[in-house]
1. Which of the residues spanning region 200-218 are assigned to a strand (DSSP E or B) and buried (at least 19 other Cβ atoms within 10 Å of the Cβ)?
2. Take the residues of region 13-31 that are of a type outside the set (Ser, Thr, Tyr) and surrounded by 24 or more Cβ atoms within 10 Å (Cβ to Cβ): which is nearest to Trp227 (Cα to Cα)?
3. For the subset of region 93-113 comprising residues that are out of contact with any strand residue (DSSP E or B) (no Cβ under 8 Å at 6 or more places or on another chain) and touching a residue at least 24 places away in the same chain (Cβ under 8 Å), which member is farthest from Gln20 (Cα to Cα)?
4. Looking for something assigned to a helix (DSSP H, G or I), without any contact (Cβ under 8 Å) to a residue 24 or more places away in the chain and of a type in the set (D, E, K, R) - is there at least one such residue anywhere in region 144-156?
5. Which condition number in (1) in contact (Cβ under 8 Å) with a residue 40 or more places away in the chain; (2) in contact with a Leu (Cβ under 7 Å, 6 or more places away or on another chain); (3) not in a loop (DSSP other than H, G, I, E, B) is the one that Asn116 fails?
6. What number of residues within region 228-256 are part of a loop (DSSP other than H, G, I, E, B) and among the acidic types (Asp, Glu)?
7. Before we move on, is Glu74 part of a loop (DSSP other than H, G, I, E, B), among the charged types (D, E, K, R) and surrounded by fewer than 23 Cβ atoms within 10 Å (Cβ to Cβ)?
Amino acid sequence: MATKLYVYTGTGNSLWVARQLALELKDATLDFIPNLSRHFKVDADRIGFIFPVHIWGLPSHVIQFIDHLQINPETYLFALAVNATQPAATLLQLKKLMLTRGHSLAQGYSISLPSNYTPWGGPGPVETQQRLFREAKEKIRAIAGTILRQERKKVDRGPLWQNILFSWIYKMSFRSVRRMDKKFWVDDKCNSCGICSKVCPPSNVEMIDEKPSWLHRCEQCLACLQWCPQEAIQYGKRTVKYPRYHHPEVTLKDILDQAKANKE
């Protein structure tokens, strides 16, 4: 049976998860979730969605993909939501969204990895990062078995207080996320390489007078900040003092491949 994995990533965590899952499933093919403005038909026995949790909910990139997805109603669907230990109600949100589009989410899992939201601090000590990687591998191995057996389970979720509070924050902030890029700025370490513009999934960064400028269609993935080789991109006042992070097994070329796929 054919399995299709669709991944959306900013700093590589979700891509790493998708690759680990593909290794376990053996028959899976992996593609990036494209930017869509038209219907998108997918033929597969099983389809999985791997994506990061953004502000305790679904990234707009993923919502747009689900909105345009055309699949057989009997297709087995599953999802892995990558987060820094706070999935909140993201997978419940996805399940409800799919139901409104005529799809049924068979199962959804939370995968905890190092935080890549630098404005709230760095990814944590290397020892902690390595522990999270090991635990994620073990969980992904177990998840693969449930997928191959095509089991149906309740989706992972955070504690009730988290689901209520963080889901409310997500709903209140969702429409303003696009303009959150007004807090980005560039310091004098910038050498005008343009990598920030190339890695941005929604093509939100444009080089103007050899410096990055943000176009107010941000998704808060922080790819521009994390992949800047000079660490010249800042967000607010705190990121100057925090270390950058992208998954150690994901390369700049991987992220550029996603950007290329989005433009095709």
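The values are calculated or read from the model by the stated rules, or taken from the named source; none is laboratory data. Small disclaimer: the values here were computed from a predicted structure and weren't measured. Here the Cβ is made from the backbone with ideal geometry for all residues, glycine too, and neighbour counts use every protein chain on show.
1. Those that are assigned to a strand (DSSP E or B) and buried (at least 19 other Cβ atoms within 10 Å of the Cβ): Val205, Pro212, Trp214.
2. Among them, the one singled out is Asn13.
3. Gly102
4. no
5. Just one mismatch for Asn116, condition (3).
6. Here the count works out to 2.
7. Yes; evaluated as a whole, the condition is true for this residue.
This table checks each residue for (1) crowded, with 18+ Cβ neighbours inside 10 Å; (2) of a type outside the set (A, V, I, L, M, F, W, C); (3) not in a loop (DSSP other than H, G, I, E, B).
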position: Ser173; (1), (2), (3): no, yes, yes
position: Trp185; (1), (2), (3): no, no, yes
position: Gln220; (1), (2), (3): yes, yes, no
position: Gln226; (1), (2), (3): yes, yes, yes
